[in-house]
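These notes concern the structure reproduced below.
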Ligand code: HEC
């Protein structure tokens, strides 16, 4: 199975399985479709000015917001008509570029009473 991956890209391109959030495929898609304008990985040194890097995007948007955003074209981005599995892969890749790759933050404004006493020692 692993040996098949020695031919980069070919296997994936022929039959992309509908697995949500394939990081490798997400990276390939991002490098192919997005790198002209966005810095899509920490390896990449330059892209358009004024376009947010994926690291920055990951900091500000969670997976759900990104998925929604990518269902439509934006900026002068060509209408690339990404499929749902492709969007899921790209979103997984973008989130992996962030400082703490979690899909969504739990609301912080109401600390739960009761159980939290075990975590926060009260004086
Ligand atoms: C032709 C240039 C171009 C291409 C190609 C492009 N983008 Fe963008 N993108 C922009 C610009 C310009 C903005 C900022 C303005 C806007 O939000 O419309 C942006 C904004 C974004 C944002 C929102 C960032 C924020 O600040 O919230 C996301 C997410 C994003 N792009 C993802 C992608 C992905 C994923 C791809 C590849 C599938 C891609 N972009 C391809 C130009 C591009």
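In table form, for the structure just shown:
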read-out: Residues of the range 57-97 that turn out to be more than 19 Å from residue 24 (Cα to Cα) and surrounded by 15 or more Cβ atoms within 10 Å (Cβ to Cβ), as a count; value: 3
read-out: Subset of the range 18-48 [near the ligand (Cβ under 10 Å from one of its atoms) and without any contact (Cβ under 8 Å) to a residue 60 or more places away in the chain]; value: 31, 32, 33, 34, 35, 36, 37, 38, 40, 47, 48
read-out: Of all residues in the range 61-101 being within 8 Å of the ligand (Cβ to nearest atom) and not in a helix (DSSP H, G or I), the one that is farthest from residue 49 (Cα to Cα); value: 82
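Each reported figure results from applying straightforward, stated rules to the coordinates on display, with no laboratory input. The model shown is predicted, which means the values in this text are computed figures rather than measured ones. Reconstructed Cβ throughout: ideal geometry from the backbone, glycine too, with neighbour counts over all protein chains shown.
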